[in-house]
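Read the structure below first, then the notes.
The values are calculated or read from the model by the stated rules, or taken from the named source; none is laboratory data. Note that the structure is a prediction, hence the values are computed from the model and not measured. When we count neighbours, we look across all protein chains shown, and the Cβ atoms used for this are built from the backbone with ideal geometry, even at glycine. Just the protein is used for accessible areas: all its heavy atoms, side chains included, with ligands, DNA and RNA removed. Shrake-Rupley method; radii C 1.70, N 1.55, O 1.52, S 1.80 Å.
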Amino acid sequence: MMSLAWSLFRTTEQAALAAWPQIGCGDKNKIDGLAVTAMRHSLNQMAIHGRIVIGEGEIDRAPMLWIGEEVGKGGGPNVDIAVDPIEGTRMVAMGQSNALAVMAFAPQGSLLHAPDMYMKKLVVNRLAKGAIDLRLPLVDNLRNVAQALGKPLDTLRMVTLDKPRLRDAISDATALGVKVFALADGDVAASVLTCLQDNHYDVMYTTGGAPEGVISACAVAALDGDMQAELIDYCQAKGESEENRRLAAEEHLRCKTMEVEINRVYSLRELVASQDVIFSATGVTGGDLVSGIQQVTNGVRTQTLLIGGADRTCNIIDSLHSW
């Protein structure tokens, strides 16, 4: 798998470069479409038999690399692909920070095959491995993680998303004294930052997209962290309404077709069955994980985080693209 690292890195780079000129344009679907086109073109130049196992676009009908799509020109390994062409299209559209082009490769059959729907996620680094259980209330998990890390609760740092559906979780955590960092978007970056050696956060807890969850799981596995996840339907995430019930029924049908279960807690090993994974994230706008694209005198500069699970490497790659 590591032989594909350069090609993967170049793919997320090309997607980020395609989206970058549109920062601040206000049209997130246009941004997503440009990144998807660049990724698809790059993937189809690779000597792989690739299949998109985790893609994006079913919920919001945006341009997508669709689940089940086959990519690559053949003549190489069989690869499962998890992709989020731009994690944070709204952030690119509005000129905000922390947008990434993200993709992960894994051996065929090793990634959870799930629809694009909501997923509850809990992530910790290697020092708290085994201390989490998503079936327990969040407050119990926070106490258990603090104990595993040997930290008082009032020094524990939890990162989540600043969304209405997470207000109760934020209130529960702050009532314990836990320090909460609520991001506008970007739980892939938050998951990685939780698991890096010089970690920004101790716990990542959120309800967000399943594609981002499986992509995050690839990075978490490669960094020897721990993660649990649970698929939840539209009503659980957004509340009861006639339209939400219709969407939830569709999600249940898709899960049945894909042979995955809603409201079942999946372990990290069930999300990613192999540590022979590679993960790449290229910054579009600046953030805590990597720098965004910067215009320089003779071109532009990009920064990419490339993580290899098999050889336990974590590389920051700075590239100058000159014309």
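Of the residues that sit in the range 173-199 and are assigned to a loop (DSSP other than H, G, I, E, B) and farther than 15 Å from LEU161 by Cβ, which one is nearest to the chain's Cα centre (by Cα)?
It comes out as LEU196.
Only residues that are open to solvent by 10 Å² or more (accessible area, probe 1.4 Å) and in contact (Cβ under 8 Å) with a residue 40 or more places away in the chain were counted across the range 148-160, and they come to 3. Residue count for the range 222-254, restricted to those that are open to solvent by 30 Å² or more (accessible area, probe 1.4 Å), part of a helix (DSSP H, G or I) and of a type in the set (A, V, I, L, M, F, W, C): 3.
Restricting attention to the range 148-172, which residues are part of a helix (DSSP H, G or I), β-branched (Val, Ile, Thr) and touching a Ser or Thr at 6+ places or on another chain (Cβ under 7 Å)?
ILE170, the sole residue that qualifies.
Applying the condition of being among the polar types (S, T, N, Q) and farther than 19 Å from ILE67 by Cβ to the range 13-41 and asking which residue is most open to solvent (accessible area, probe 1.4 Å) yields GLN14. Considering only residues that are closer than 15 Å to GLY287 by Cα, among the polar types (S, T, N, Q) and open to solvent by 10 Å² or more (accessible area, probe 1.4 Å), which ones fall in the range 182-221? Across the range 182-221, the qualifying residue is only ASN199. Summed over the range 255-298, residues that are more than 18 Å from CYS195 (Cβ to Cβ), open to solvent by 10 Å² or more (accessible area, probe 1.4 Å) and among the polar types (S, T, N, Q) total 8. If you go through the range 289-303 and keep only what is over 14 Å from GLU87 (Cα atoms) and not hydrophobic (A, V, I, L, M, F, W, C), you end up with SER291, GLN294, GLN295, THR297, ASN298, GLY299, ARG301, THR302, GLN303.
Scanning the range 307-323 for residues that are open to solvent by 60 Å² or more (accessible area, probe 1.4 Å) and hydroxyl-bearing (Ser, Thr, Tyr) yields one hit, SER322. Residues in the range 93-109 that are open to solvent by less than 10 Å² (accessible area, probe 1.4 Å) and either farther than 30 Å from TRP20 by Cβ or not in a loop (DSSP other than H, G, I, E, B) (or both): ALA93, LEU100, ALA101, VAL102, MET103, ALA104, PHE105, ALA106.
Any chance the range 111-120 includes a residue that's over 26 Å from CYS255 (Cα atoms), touching a Lys or Arg at 6+ places or on another chain (Cβ under 9 Å) and either aromatic (Phe, Trp, Tyr) or surrounded by fewer than 22 Cβ atoms within 10 Å (Cβ to Cβ) (or both)? Checked the range 111-120: no residue is over 26 Å from CYS255 (Cα atoms), touching a Lys or Arg at 6+ places or on another chain (Cβ under 9 Å) and either aromatic (Phe, Trp, Tyr) or surrounded by fewer than 22 Cβ atoms within 10 Å (Cβ to Cβ) (or both). Would you confirm whether any residue within the range 133-141 is open to solvent by 70 Å² or more (accessible area, probe 1.4 Å), closer than 25 Å to ARG269 by Cβ and in contact with a strand residue (DSSP E or B) (Cβ under 7 Å, 6 or more places away or on another chain)? Yes, the conditions are met somewhere in the range 133-141.
The set of residues in the range 42-60 being within 23 Å of ARG254 (Cβ to Cβ), without any contact (Cβ under 8 Å) to a residue 40 or more places away in the chain and open to solvent by 10 Å² or more (accessible area, probe 1.4 Å) consists of ASP60 alone. One residue stands out in the range 200-221 among those that are closer than 19 Å to PRO137 by Cβ and in a strand (DSSP E or B): the one that is farthest from the chain's Cα centre (by Cα), namely VAL203. Determine whether PRO164 is open to solvent by 60 Å² or more (accessible area, probe 1.4 Å), modelled with pLDDT under 95, of a type outside the set (Asp, Glu) and at negative phi. Yes; evaluated as a whole, the condition is true for this residue.
Pairs linking a residue in the range 235-260 that is farther than 10 Å from PRO115 by Cβ to a residue that is open to solvent by 100 Å² or more (accessible area, probe 1.4 Å), with Cβ atoms under 8 Å and 6 or more positions apart or on different chains, are CYS235/ARG245; ASN244/LYS238.
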